[in-house]
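Student: Please see the structure below; I have some questions.
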Amino acid sequence: MTAPAGPTLPAPGTVAYRTAADALATLRQLAAGVPALPDAAYQRRRTTTELVLHCAATDAGRDDHVDVAEIRRWHQAPPRRWLDVGYHLVIRRSGVLQTGRPLWAVGAHVEGLNRTSVGVCLVGGGKDREVDDFTAPQWAMLRVVVRLLSVVYAGARVLGHRDVPGVGKWCPSFDTRDWLAREGLRALWRPGA
């Protein structure tokens, strides 16, 4: 079974939007699906100061089925019993971008920063150990998503889950600072709490 093709993405470095509304409209066009719950079920985030990158901690070859609905089941099952999937956006192996929580809602993806951050999760990253096993379509979509979110939430810093003080995880299974530098986005990295 072949994975569904992801959307056609702009060439690297060509994503440029004059307004946050343009960037948000493009994100909505790229993202498949709608949040599972009515808007009233979520708390509204008052400010956005971080974009936090995550991995689903799954193994390549065993996770082609993993999507936002599967992660939602994990997050709503015991012991978590969360309201909904914790992430705002999920990038499948195929590069398809899916909507989790509404972008404006408080997330459930990084303790201490949920009220001020957007969570983006890439399927993969290794279940029992850190593995940078993401696909070319995932990297391409992540590049576009981070560029768009940095316009929508101007001034927000980008960090990996493991870059948050006190987090003892390898998530997102790659060095966010190095990745931002390779993508020409070094200015989005600002360490600290």
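The values are calculated or read from the model by the stated rules, or taken from the named source; none is laboratory data. Remember, predicted model here, so these are calculated numbers, not experimental data. Glycine also receives a Cβ, built like all others from the backbone with ideal geometry; neighbour counts cover every protein chain displayed. What goes into the accessible areas is simple: the full protein's heavy atoms, side chains included, and nothing from ligands, DNA or RNA. Shrake-Rupley method; radii C 1.70, N 1.55, O 1.52, S 1.80 Å.
Student: Output yes when any residue across segment 142-162 is over 24 Å from Ala21 (Cβ atoms) and among the polar types (S, T, N, Q), and no when none is.
Tutor: At the first step, the residues of segment 142-162 found to be over 24 Å from Ala21 (Cβ atoms) are 159-162.
The next check asks that each one be among the polar types (S, T, N, Q); those that pass are none.
There is no residue in segment 142-162 that is over 24 Å from Ala21 (Cβ atoms) and among the polar types (S, T, N, Q).
Residues are listed down the side, and each one gets a yes or a no for (1) touching a residue at least 40 places away in the same chain (Cβ under 8 Å); (2) of a type in the set (S, T, N, Q):
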residue	(1), (2)
Asn114	no, yes
Cys121	yes, no
Leu148	yes, no
Val158	yes, no
Arg162	no, no
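Student: Quick check, is Gly13 at positive phi, modelled with pLDDT under 95, small (Gly, Ala, Ser) and crowded, with 18+ Cβ neighbours inside 10 Å?
Tutor: Details: at positive phi: yes; modelled with pLDDT under 95: yes; small (Gly, Ala, Ser): yes; crowded, with 18+ Cβ neighbours inside 10 Å: no.
Answer is no for this residue.
Student: Can you tell which of Arg190, Arg177 is free of Cβ contacts under 8 Å to residues at least 60 places away in the same chain, among the charged types (D, E, K, R), open to solvent by 40 Å² or more (accessible area, probe 1.4 Å) and assigned to a loop (DSSP other than H, G, I, E, B)? Don't jump to the end; show me each part of the working.
Tutor: Numbers: Arg177 fails: assigned to a loop (DSSP other than H, G, I, E, B).
After applying the criteria, what remains is Arg190.
Student: Would you mention how many residues in segment 20-61 are farther than 23 Å from Arg157 by Cβ, touching a residue at least 60 places away in the same chain (Cβ under 8 Å) and surrounded by fewer than 18 Cβ atoms within 10 Å (Cβ to Cβ)?
Tutor: 7
Student: Could you list all residues from segment 123-145 that are of a type in the set (D, E, K, R) and closer than 16 Å to Leu27 by Cα? Walk me through it before giving the result.
Tutor: To start, the set of residues in segment 123-145 that are of a type in the set (D, E, K, R) comprises 127-130, 132-133, 143.
Of everything in segment 123-145, just one residue is of a type in the set (D, E, K, R) and closer than 16 Å to Leu27 by Cα, namely Arg143.
Student: Go through segment 70-90 and report how many residues are within 15 Å of the chain's Cα centre (by Cα) and free of Cβ contacts under 8 Å to residues at least 40 places away in the same chain.
Tutor: Total meeting the criteria: 5.
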